[in-house]
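Let me begin by presenting the structure, written as structure tokens, before commenting on it.
Please treat every number below as a calculation from the coordinates, not as lab data. Keep in mind that what you see is a predicted model, and the values were worked out from it rather than measured. As a convention, Cβ positions derive from the backbone with ideal geometry for all residues, glycine included, and neighbour counts pool all protein chains shown.
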Ligand code: DX5
Ligand code: ZN
């Protein structure tokens, strides 16, 4: 079973205090820090780029799980590698012709390649990226339309997670969008093990409690599958 990873989405943090927000989340039990990179083109929102990753890297050794919602991911591999990104997850919708080159470059810069898909994209589209010599190491199933935090979880996406989990028992499967105490059980039961959560963690009175609940739910769902 792949290890549970809870990844608070720093999009919901106070960007003016990014380093301390990151440290706060790690102290609260976060495994990864999810970094949403948006170019104002692939999605209608503009967030952060490599310089911010580079600054944050100076303050933490944490795994920086970078989710690139950009039209030309290949253009960013080198600078994100230099900046200190740990994971580089690109969208399949914009990478059908060059994913092999992308994966090769991402690995050569010492990052872990992942592929993300929007709610309207069928799961079959990521299958080629999981086969062959140079597969991606994580699939991020979007459970909201990419672009903004605080949206409603789309339970229909769980069919994709279930299908993927059946086919790839050891794969890291990440869910992103609308995850929190009220939706985690559905996602964990479907087989997701990497959980991104923005507003539910940052908006909680006790973020540590939410992080712990998310992790417990994944652990319990995994145990239930074994038994
Ligand atoms: C949305 C981003 C998410 C977002 C999740 O495009 O990819 O990572 O920050 O935020 P919540 O958990 O608030 O839905
Ligand atoms: Zn994201």
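What percentage of all Cα-Cα pairs in segment 85-130 are separated by more than 13 Å?
Every Cα pair in segment 85-130 considered, those over 13 Å come to 52 percent.
Which whole-number percent gives the relative contact order of segment 52-173, counting Cα pairs below 8 Å spaced six or more residues apart? Walk me through the intermediate numbers first.
Details: 179 pairs, mean separation 24.3, N = 122.
It comes to 20 percent, rounded to a whole number.
Whole-Å semi-axes of segment 8-49's equivalent ellipsoid, largest first, each the root of 5 times a Cα gyration tensor eigenvalue?
Semi-axes from the Cα gyration tensor: 22, 11, 6 Å.
According to the Kirkwood expression over distinct Cα-Cα pairs, how big is the hydrodynamic radius of segment 73-169, in Å? Please list the in-between numbers first.
Values: mean 1/r = 0.0711 Å⁻¹.
In segment 73-169 this quantity evaluates to 14.1 Å.
Could you bin all the Cα-Cα distances of segment 1-129 into 5 Å bins starting at 0 and give me the percent of pairs in each, rounded to whole numbers?
All Cα pairs, binned at 5 Å, distribute as 2, 10, 21, 23, 20, 14, 7, 2, 0 percent.
Taking the convex hull of the Cα atoms, report for segment 36-76 its projected area averaged over all directions, in nm². List each step's numbers first, then the result.
Working: hull surface 11.6 nm².
For the Cα atoms of segment 36-76, the hull's average projected area reads 2.9 nm².
Sort out for me the Cα centre separation of segment 62-90 from segment 136-186, rounded to whole Å.
20 Å
Can you tell me which of 193, 17, 98 moves the most in a GNM of the chain? Springs connect C-alpha atoms under 10 Å apart.
Highest fluctuation among the options: 17.
For the residues 59, 91, 67, 34, what sequence is obtained by ranking on other C-beta atoms within 10 Å, fewest first? Write down the numbers at each step before the final one.
On the way: 59 12, 91 22, 67 26, 34 29.
In order of increasing Cβ crowding within 10 Å: 59, 91, 67, 34.
Could you check the spin-label model distance between residue 121 and residue 1? Points 7 Å from the Cα along Cα→Cβ, value in nm.
Label-label distance for residue 121 and residue 1, simple model: 2.9 nm.
Of the candidates 27, 216, 89, which one comes out as most mobile in a Gaussian network treatment of the chain with C-alpha springs shorter than 10 Å?
In the Gaussian network model the winner is 27.
Order of 54, 124 from fewest to most other C-beta atoms within 10 Å?
Exposure proxy ranking, most exposed first: 124, 54.
Springs between alpha-carbon atoms under 10 Å, Gaussian network over the chain: tell me which of 137, 166, 93 tops the mean-square fluctuations.
Per the Cα network of the chain with a 10 Å cutoff, 166 tops the list.
To make sure I understand, if each residue's beta carbon is the centre and we count other beta carbons within 10 Å, what order do 31, 65, 206 fall in, fewest to most?
Least crowded to most crowded, the residues run 206, 31, 65.
Which whole number of Å³ per residue matches the convex hull of the alpha-carbon atoms in segment 132-217?
Working: hull volume 8.7 nm³, N = 86.
Output value, Cα hull per residue: 101 Å³.
Give me the percent of DSSP beta bridges within the chain that run antiparallel, rounded to the nearest 5.
5 percent
Which three extents, in angstrom, do the Cα atoms of the chain have along their principal axes, listed largest first?
Its Cα atoms span 41, 41, 29 Å along the three principal axes.
Under 8 Å for C-alpha pairs, at least 6 residues apart: give me the relative contact order for the chain, rounded to a whole percent.
On the way: 459 pairs, mean separation 46.5, N = 227.
Taking the mean separation of contacting Cα pairs over the length of the chain, I get 20 percent.
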